[in-house]
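Chemist: One structure, as structure tokens, below. Some questions next.
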Amino acid sequence: MAPYCAGRCPVNQRELRYPGSSAKRACHASPPTDALGASVANIPIGSTSGGVTFHFEGGAPVPISTSAGPIFAERAQTLGRGRILAGISRTGFHFATLRGVDMGNIGLVFTHENVDFPGCDAQFGGDCSLYGVPVLENDAIDFHLSLNLDVQVTSMYLTYGVSDRLDFGLVVPVVQANFRGESDAQIRPFGGTTAAHYFAGTPDNPVLSAHRQSLGSAAGLGDVALRAKVNLRETPRGGFAILIDGRFPTGSRQDLLGSGKFAGRVLAIFNSRFSDFSPHANVGYLYHAGTQQNDAVLGTVGFDDRMAERVTLAADLVTELQVGDSELRLPPVVTYDAPFRRTLNPTNIPEIRDDLVNGSFGVKVTPATSTTLVLNTLFPLNRGGLRANLVYTAGIEYTF
């Protein structure tokens with residue numbers, strides 16, 4: 001999508017261009033489309049060591065977990081030396097809101113720059129340092145934007161037990177993104193019998209409205225992830241581990257398949273076991289290279305419970321709390337000085353933190369000793385950031 005000008009930005013008389021055409025001046029890229037490109041890469045990745053886990057005593061495998069484990073959280077147990085977990089999953093979602101604003105109803109207002117040059121005061125009969133002098137500076141464009149982005153991610157992953165206490169994993173996602181965008185613009189002349197700004201026509205007979213549509217789809221490699229988990233302590237009642245993973249910018253940012261920047265996280269993992277019930281907690285930090293997304297403090301609490309011999313229930317509260325001021329830049333409120341003092345908010349997107357709080361609920365079914373089926377839903381519990389109403393995941397894992 002082409003850049004746009006929202007807030008106080010340059011618009012030359014008789015040189016006004018609608019976003020999507022050959023704009024002579026552009027202020028910055030669209031906050032909604034910036035957020036789309038970065039958020040597609042932030043897809044959930046399943047746990048590193050699902051299924052029953054083992055360590056070896058006297059050359060024989062001894063199970064150290066009874067449930068099939070969490071889904072989007074991590075537990076301290078590792079797979080066991082020489083064991084391999086291979087899996088494939090399908091995740092799908094549709095972006096629905098941006099900071100609580102419906103993605104089909106984003107409102108923006110384009111405003112004029114403050115024109116001031118030698119001789120301006122004499123030419124227009126006023127103080128051109130004031131915003132609103134000359135009067136054409138009061139013209140504005142109301143801009144309605146509707147964005148639809150559907151994403152499906154097929155993730156292939158492999159985890160290898162290097163030792164009883166060290167797992168190493170690889171995740172290769174293939175992303176399909178389907179985008180549709182529509183925009184409508186309406187120039188609001190402030191006064192006068194002729195138009196100072198228009199899309200087509202003449203000042204006496206101007207065209208003051210315009211419509212644009214954009215359609216596109218792409219499919220390809222997403223951002224590949226590498227993961228390593230080290231089990232630092234294991235007891236019959238619980239364990240403690242550290243996980244480090246990195247997502248590399250292998251997906252195309254332009255096609256909304258990846259972020260275009262490296263992201264990495266470090267997690268401290270705690271879990272306990274009370275027969276078949278296993279509560280867990282993950283605390284960590286997420287680092288984003290570049291300036292599109294904020295770093296975040298990560299926190300996940302939940303449990304997995306073996307409800308039946310072959311069925312495990314997994315539930316979690318998953319949080320991602322923004323660090324620092326938001327990287328999603330919104331145009332500031334515009335203040336007019338003339339012909340009377342007033343303010344204009346150039347967007348209906350609120351200036352709030354992009355903290356993410358999600359609920360996760362799913363099941364793991366083990367129809368055979370080494371095979372696990374995974375079904376999960378992830379749903380928002382707040383409206384910070386760019387969000388889907390529901391993220392579904394279905395997958396199958398095999399351990400050998």
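The values are calculated or read from the model by the stated rules, or taken from the named source; none is laboratory data. All values reported here derive from a predicted model rather than from experimental measurement. Every residue, glycine among them, receives a Cβ derived from its backbone with ideal geometry; neighbour counts consider all protein chains shown. In case anyone asks, the SASA skips ligands and DNA or RNA and just uses the protein heavy atoms, side chains included. Shrake-Rupley method; radii C 1.70, N 1.55, O 1.52, S 1.80 Å.
Chemist: When only residues in the stretch 140-170 that are touching a Gly at 6+ places or on another chain (Cβ under 6 Å) and open to solvent by less than 10 Å² (accessible area, probe 1.4 Å) count, which is farthest from residue 214 (Cα to Cα)?
Modeler: 161
Chemist: Of all the residues that make up the stretch 68-123, how many are open to solvent by 40 Å² or more (accessible area, probe 1.4 Å), within 26 Å of the chain's Cα centre (by Cα) and not polar (S, T, N, Q)?
Modeler: Counting residues in the stretch 68-123 that are open to solvent by 40 Å² or more (accessible area, probe 1.4 Å), within 26 Å of the chain's Cα centre (by Cα) and not polar (S, T, N, Q) gives 5.
Chemist: Among (1) modelled with pLDDT of 95 or more; (2) surrounded by 19 or more Cβ atoms within 10 Å (Cβ to Cβ); (3) of a type in the set (S, T, N, Q), where does residue 294 come up short?
Modeler: Result: residue 294 fails condition (1) only.
Chemist: Being among the hydroxyl-bearing types (Ser, Thr, Tyr) and in contact (Cβ under 8 Å) with a residue 40 or more places away in the chain is the filter; apply it to the stretch 262-290 and report the residue that is surrounded by the fewest Cβ atoms within 10 Å (Cβ to Cβ).
Modeler: Of the stretch 262-290, the ones among the hydroxyl-bearing types (Ser, Thr, Tyr) are 272, 275, 278, 285, 287.
Those still in the list that are in contact (Cβ under 8 Å) with a residue 40 or more places away in the chain too: 275, 278.
Working: 275: 9, 278: 26.
The qualifying residue surrounded by the fewest Cβ atoms within 10 Å (Cβ to Cβ) is 275.
Chemist: Which residue is farthest from residue 93 (Cα to Cα), if the candidates are limited to the stretch 145-184 and must be assigned to a strand (DSSP E or B) and of a type in the set (D, E, K, R)?
Modeler: Within the stretch 145-184, the first condition is being assigned to a strand (DSSP E or B), and the residues that meet it are 145-163, 166-184.
Add one more test, that the residue is of a type in the set (D, E, K, R), and what stays is 150, 167, 180, 182, 184.
Values: 150: 6, 167: 30, 180: 15, 182: 20, 184: 26 Å.
So, considering only residues that are assigned to a strand (DSSP E or B) and of a type in the set (D, E, K, R), the one farthest from residue 93 (Cα to Cα) is 167.
Chemist: So the check is Cβ under 6 Å with 6+ separation or different chains; which pairs have a first residue in the stretch 111-136 that's of a type in the set (Gly, Ala, Ser) and a second one that's open to solvent by less than 20 Å² (accessible area, probe 1.4 Å)?
Modeler: Short answer, once both residue conditions are applied: 132/138; 132/336; 132/338.
Chemist: Going by the structure shown, is residue 320 out of contact with any His (no Cβ under 6 Å at 6 or more places or on another chain), of a type in the set (Asp, Glu) and open to solvent by less than 30 Å² (accessible area, probe 1.4 Å)?
Modeler: Working: out of contact with any His (no Cβ under 6 Å at 6 or more places or on another chain): yes; of a type in the set (Asp, Glu): yes; open to solvent by less than 30 Å² (accessible area, probe 1.4 Å): no.
When the stated conditions are applied, residue 320 does not pass them.
Chemist: While we're looking at this one, here's another question. On the phi < 0 side of the Ramachandran plot and modelled with pLDDT under 95, is that true of residue 370? Write out each step before concluding.
Modeler: Details: on the phi < 0 side of the Ramachandran plot: yes; modelled with pLDDT under 95: yes.
Spelling it out, residue 370 is indeed on the phi < 0 side of the Ramachandran plot and modelled with pLDDT under 95.
Chemist: If you don't mind, there's one more thing I want to ask. When the stretch 386-400 is examined, which residues are found to be surrounded by 21 or more Cβ atoms within 10 Å (Cβ to Cβ) and closer than 17 Å to residue 315 by Cβ?
Modeler: 391, 393
Chemist: Report, by residue number, each residue of the stretch 373-385 that is open to solvent by less than 20 Å² (accessible area, probe 1.4 Å) and in a strand (DSSP E or B).
Modeler: Taking the stretch 373-385 as the starting set, the residues that turn out to be open to solvent by less than 20 Å² (accessible area, probe 1.4 Å) are 374, 376, 384-385.
Once the filter is applied, which keeps residues that are open to solvent by less than 20 Å² (accessible area, probe 1.4 Å) and in a strand (DSSP E or B), the stretch 373-385 yields 374, 376.
Chemist: Now, a different point. Every residue in the stretch 323-358 that is open to solvent by less than 40 Å² (accessible area, probe 1.4 Å) and in contact with a Pro (Cβ under 8 Å, 6 or more places away or on another chain), please.
Modeler: Correct list: 328, 330, 331, 334, 346, 347, 349, 356, 357, 358.
Chemist: Which of the residues spanning the stretch 185-208 are small (Gly, Ala, Ser) and assigned to a loop (DSSP other than H, G, I, E, B)?
Modeler: Result: 191, 192, 195, 196.
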